Amino acid sequence: MSDIPAADGRRRLAIEDVGPQVDCGRFPIKRTVGETVAVEADVFADGHDTVACELRYRAEGDRRWTDVPMTFVDNDRWRGAFTVTDPGRYRYVVRAWIDRFGTWRRDVAKKAGAGQDVGLDLRAGAELVDRAARRASGEDRRTLSRAAAALASPDAEVELALDPAVGAAMARNPDRRHAVTYARQLEVVVDRERARFSAWYELFPRSAAAEPGRHATFLDVAKRLQYVAEMGFDVVYLPPIHPIGRTNRKGRNNAARARPGDVGSPWAIGGPEGGHTAVHPDLGTIEDFDRLVERAHELDMEIALDYALQCSADHPWLREHPEWFRRRPDGTIAYAENPPKRYEDIYPLDFESEAWPELWEACRGIVEFWVSHGVRIFRVDNPHTKAFPFWEWLIAETKRRHPDVLFLSEAFTRPKVMHRLAKLGFTQSYTYFAWRNTKWELEEYFGRDLPAVAEFFRPNLWPNTPDILTETLQTGGRPAFMARLVLAATLGASYGIYGPAFELMEAAPREPGSEEYRDSEKYQLRHWDLDGPDSLVGLIGRLNRSRRENPALQSDRNLRFHGIDNEQLIAYSKATDDRSNVILTVVNLDPVHVHSGWVHVPLDELRIDAEHPYQVHDVITDSRYLWQGDHGYVELDPAVVPAHVFRVRRRVRSERDYEHFL
């Protein structure tokens, strides 16, 4: 005789294809506070019994599950949802069982409809309801007890079997004795809103002085914050603020040798004054930094710090922990390289060191130090050059203590590596946006590639960085800067610019074919004329204000591209779920020529009445146009403004019977 399986053979259900999940549940999905987790699953059993299923969820640390009934969609597919209310981790899972009462009621209705005798069926139903009454309490118990008695009566009526009140009470007290639960509890990491929707402004603190030639201080940066706030940014990102090494210090324009007075690259972290938990003495003191953080909060902004795990030759760790660095055969430490690039002024940490646990703790200590000084956002430099397990541990440990901390991944690397870092816990990631310029490239990237990883990958779009001055910006002039700004601010819910280089349209490369800036701030002090007449400050402010005023622009999950009969024009929309807020954007991708075309407007999808005109209000220029039907005409001169950002205002009729636009 063969062995009987250890599992209960009466559990007859299958639960398959549960989503959303990432890599079979190995990694969590991501949401922000207030968002919904909509879960679907295939749930079915052998035979003809009906099934019931529910979605169970709980915040990590809670012992009790909250159960949400799932509803039938089609073809054995079921759906349920819950809303996340607090930062942290949640778990969710699907549970299902045979719905014997539902099966019974379905069959009784069919038999009665065919004129068959259902007397015995009603008595069988009485037994099902009586057992449920024993499980129930309060009003449900009383309702079910009365129903059981009535069904057992010789005068029982079929209508009682179909009573909605009885059905509802039975649904609240199901028989789950042979329920099946999906094999793996899935997870969702919940962040605060800024993880989903944010506008970043990067500036070098040492170049924030009001007059040329002087090394700025944190006090100067605090004064500069008002300028940034008036443009509507909410995150101010500072490159490393630590002491800079003197050994092998880089000179201007990345010269291998520094001249007297050269300030070096802030990414060459560490000097006699300290390492990653020290501030550069020319910037001020840690107390000055604390006041800078407070000033940012007063202006409804946050300070984000660079988290760069590398050391100059003068960093204290080289003396105190030489075991954290990899040595060459001659005993010297190898500086960082990414051939053909050479970084003679920094040494990489060895994440394969025998002392890796101590190294990990020291790196976590850096984060904890700056969190204690009010920093809740970190832009992480080149995370793809450090160990994957380290990031998973560090981010999880940090968020366990501080659920509001966010990490931006600066990983301009291969797609699978970028995605792995996002799965491991990075809140947001830089993208390939800077190099996506044609209509086809943009539609493929934002219409196919990014949606495929949306459950775990949050893009942050940057048209420029201190390392990236694209050919488009070098050659396209003011129209290119405006177009790339509009694309970044409307395609993505999170975007950033490196300023003041961007708003002042800095476009000179170090040499032909290079994406490095000439006289880059990375290696020298710069003075910026913020009051220049050609500045894009006004356009930036209008876009950021519109982003805050229009919820449609605050999500990455609602982007739709639309047809337009010109390959130099790209059209797309974002809309809230209820379509109360719709933004339609059209951008001229040619920085030289005027282009026109007819935009296809999906009226049904956007809930626009085809029989009446509707208004499109350009939030950039404040121009308004009346359109009707499923096509609208646009003409864009890049020398003026190369884009329309339309708020679609539908015509509605009020209670007083006059028409107006919403």
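Considering the range 607-640, the residues that are open to solvent by less than 70 Å² (accessible area, probe 1.4 Å) and among the small types (Gly, Ala, Ser) include one that is nearest to LEU536 (Cα to Cα), namely SER623. Can you list residue pairs whose Cβ atoms sit under 6 Å apart, with the first residue in the range 383-394 being over 13 Å from SER409 (Cα atoms) and the second being of a type in the set (D, E, K, R) and crowded, with 16+ Cβ neighbours inside 10 Å? Count only pairs 6 or more apart in sequence or on different chains. The qualifying pairs are LEU394/ARG364. Go through ALA308, ALA362 for me and flag whichever is of a type in the set (Gly, Ala, Ser) and touching a helix residue (DSSP H, G or I) at 6+ places or on another chain (Cβ under 8 Å). None of the others qualify; the one that does is ALA362. The single condition among (1) of a type in the set (D, E, K, R); (2) open to solvent by 10 Å² or more (accessible area, probe 1.4 Å); (3) modelled with pLDDT of 95 or more that ASP577 does not meet is (3).
Within the range 249-270, being hydrophobic (A, V, I, L, M, F, W, C) and farther than 22 Å from ASP381 by Cα holds for one residue alone: ALA258.
The condition of being more than 15 Å from VAL486 (Cβ to Cβ) and open to solvent by 30 Å² or more (accessible area, probe 1.4 Å) holds for only one of PRO551, PRO591, that being PRO551.
Taken over the range 92-124, the criterion of being open to solvent by 50 Å² or more (accessible area, probe 1.4 Å), part of a helix (DSSP H, G or I) and out of contact with any Leu (no Cβ under 9 Å at 6 or more places or on another chain) is satisfied by ARG106, ASP107, LYS110, LYS111, GLY113, LEU120. Pairing each residue of the range 398-424 that is within 12 Å of VAL453 (Cβ to Cβ) and modelled with pLDDT of 95 or more with any residue that is among the aromatic types (Phe, Trp, Tyr) and outside any helix (DSSP H, G or I), provided the two are 6+ apart or on different chains, yields C-beta distances under 8 Å for MET418/PHE457; HIS419/PHE456; HIS419/PHE457; ALA422/PHE456; ALA422/PHE457; LYS423/PHE27; LYS423/PHE456. If I filter the range 437-444 for residues that are open to solvent by 10 Å² or more (accessible area, probe 1.4 Å), without any contact (Cβ under 8 Å) to a residue 60 or more places away in the chain, touching a helix residue (DSSP H, G or I) at 6+ places or on another chain (Cβ under 8 Å) and not in a helix (DSSP H, G or I), do I get at least one hit? No: the range 437-444 contains no residue that is open to solvent by 10 Å² or more (accessible area, probe 1.4 Å), without any contact (Cβ under 8 Å) to a residue 60 or more places away in the chain, touching a helix residue (DSSP H, G or I) at 6+ places or on another chain (Cβ under 8 Å) and not in a helix (DSSP H, G or I).
Before we move on, is ALA6 open to solvent by 40 Å² or more (accessible area, probe 1.4 Å), of a type in the set (A, V, I, L, M) and either over 21 Å from the mean Cα position of the chain (by Cα) or modelled with pLDDT of 95 or more (or both)? It is true that ALA6 is open to solvent by 40 Å² or more (accessible area, probe 1.4 Å), of a type in the set (A, V, I, L, M) and either over 21 Å from the mean Cα position of the chain (by Cα) or modelled with pLDDT of 95 or more (or both). Quickly run through the range 460-487 and pick out the residues that are touching a helix residue (DSSP H, G or I) at 6+ places or on another chain (Cβ under 8 Å) and either part of a helix (DSSP H, G or I) or acidic (Asp, Glu) (or both). Listed by number, the residues that qualify are THR472, LEU473, GLY476, ALA480, PHE481, MET482, ALA483, ARG484, LEU485, VAL486, LEU487.
The values are calculated or read from the model by the stated rules, or taken from the named source; none is laboratory data. On a predicted model such as this, the values are computed, not experimentally measured, just so you know. When we count neighbours, we look across all protein chains shown, and the Cβ atoms used for this are built from the backbone with ideal geometry, even at glycine. Each accessible area value is taken on the protein alone, full model and side chains, heavy atoms only, with ligands, DNA and RNA left out. Shrake-Rupley method; radii C 1.70, N 1.55, O 1.52, S 1.80 Å.
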